[in-house]
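Notes for the one structure printed next.
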Amino acid sequence: MDKQDKIYLAGHTGLVGSAIHRRLHTYGYGNIVTRRHSELDLTNQPAVNAFFENERPEYVFLCAAKVGGILANSTYPAQFIHENLAIQTNVLHEAMRVGVKRLSFLGSSCIYPRDCPQPISEDYLLSGPLEFTNRPYAVAKIAGIEMCWAYNREYGTRFLAVMPTNLYGPGDNYNLETSHVLPALIRKMHEAKLVDADSVVVWGKGTPRREFLYSDDLADAVLHLMTLPEDQFSGICASNDQPPLINIGCGEDLSIRDLAELIREIVGFKGKIVWDTTKPDGTPRKLLNVTRLSELGWRAKTSLRDGIAMAYQDYLATFSDGSRS
């Protein structure tokens, strides 16, 4: 990408999109097109068609999606599959129609089977049953990968699907009904500290293991991939044997129990952690194999401790009394 090329960043206000937005500005990309949901509903096909016809971006980062944790996925399964399928279908098709040079489609590690061998290689896609609690969202994202691959084969597009591990960082969602585990724990621990509570209740047994990546590291990885030399990028997208899919992670995981203890320490909460074993745990383990990404020259830079400390400071700055979300 040249610095003045027109770039459309879909979902620029979310955790992933805002991180990519910051990085694009940091690296000197000045021709960035964004639209808030109130300005452009990506589930509305005629609106998306008109937008691409008018703007004709050369590069697209598709970060817009309906996302959430176990509770949100369980409560709104129809919304998760409908909205994500609609967004992907509209944006990918219009990107092809106007001749976008490169597109990065952001997915999720939940696309992989629930009981996948660890660490999870890109080759394990569609090799077993999905985790039930987020199956509708995962199916939508798998459809997005298949669309990227199909359009590359039929139309010669260069659409790359990147699958991040669990993300956290500035601009995260701290709503306890829809957030993922790490930001939810930050909020719970902080609010408990404010009232000097004796304990904090956390869902599950604490035994599942998860990998976490700081959002700014993800942005670095996505830009690294989108600016690969033409032979490398085309080699990933033009394959007939495997989908244009790259995992993005740090290659390390820890148990939810250890995560909760680390967040308690960083936040400074002195009470106990009580595990509600009547609540679901989700997938037992999700650790991505990031060999392909490493071979392309990128590795994560931010340690989990440092990343959580920065995320906590962002939470304090965003919610000054620690109780709003």
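Which residues, taken from region 130-147, are at pLDDT 95 or above and either over 17 Å from the mean Cα position of the chain (by Cα) or at positive phi (or both)?
E146, M147
If you take the residues in region 44-65 that are assigned to a helix (DSSP H, G or I) and of a type outside the set (A, V, I, L, M, F, W, C), which one is nearest to the chain's Cα centre (by Cα)?
In this case the residue turns out to be Q45.
What tally of residues in region 114-155 results from selecting those that are small (G, A, S) and without any contact (Cβ under 8 Å) to a residue 12 or more places away in the chain?
As a first pass, look at region 114-155 and keep what is small (G, A, S): 121, 127-128, 138, 140, 143-144, 150.
Then drop every residue that is not without any contact (Cβ under 8 Å) to a residue 12 or more places away in the chain, which leaves 150.
Total meeting the criteria: 1.
Counting only residues that are among the hydrophobic types (A, V, I, L, M, F, W, C) and within 22 Å of L293 (Cβ to Cβ), give me the strands (runs of 3 or more DSSP E) lying completely in region 114-208 with at least 1 of them.
159-164, 166-168
Of the numbered conditions (1) among the acidic types (D, E); (2) over 27 Å from Y168 (Cβ atoms); (3) not in a loop (DSSP other than H, G, I, E, B), D41 satisfies every one except a single condition; which is it?
The number of the failed condition is (3).
Which residues, taken from region 266-325, are of a type in the set (D, E, K, R), assigned to a loop (DSSP other than H, G, I, E, B) and touching a Phe, Trp or Tyr at 6+ places or on another chain (Cβ under 9 Å)?
Matches in region 266-325: K279, D281, K301, R324.
Residue check, A197 against (1) out of contact with any Leu (no Cβ under 7 Å at 6 or more places or on another chain); (2) crowded, with 18+ Cβ neighbours inside 10 Å; (3) among the hydrophobic types (A, V, I, L, M, F, W, C), all met but one. Which one?
Condition (2) is where A197 drops out.
For region 25-74, name all the residues that are of a type in the set (V, I, T) and in contact (Cβ under 8 Å) with a residue 24 or more places away in the chain.
I32, V33, T34, T43, V48, V60, V67, I70 - these are the residues of region 25-74 that are of a type in the set (V, I, T) and in contact (Cβ under 8 Å) with a residue 24 or more places away in the chain.
The values are calculated or read from the model by the stated rules, or taken from the named source; none is laboratory data. Since the structure is predicted, the reported quantities are computational estimates derived from the model, not experimental observations. Note that each Cβ is placed from the backbone with ideal geometry, even for glycine, and that neighbours are counted across all protein chains shown.
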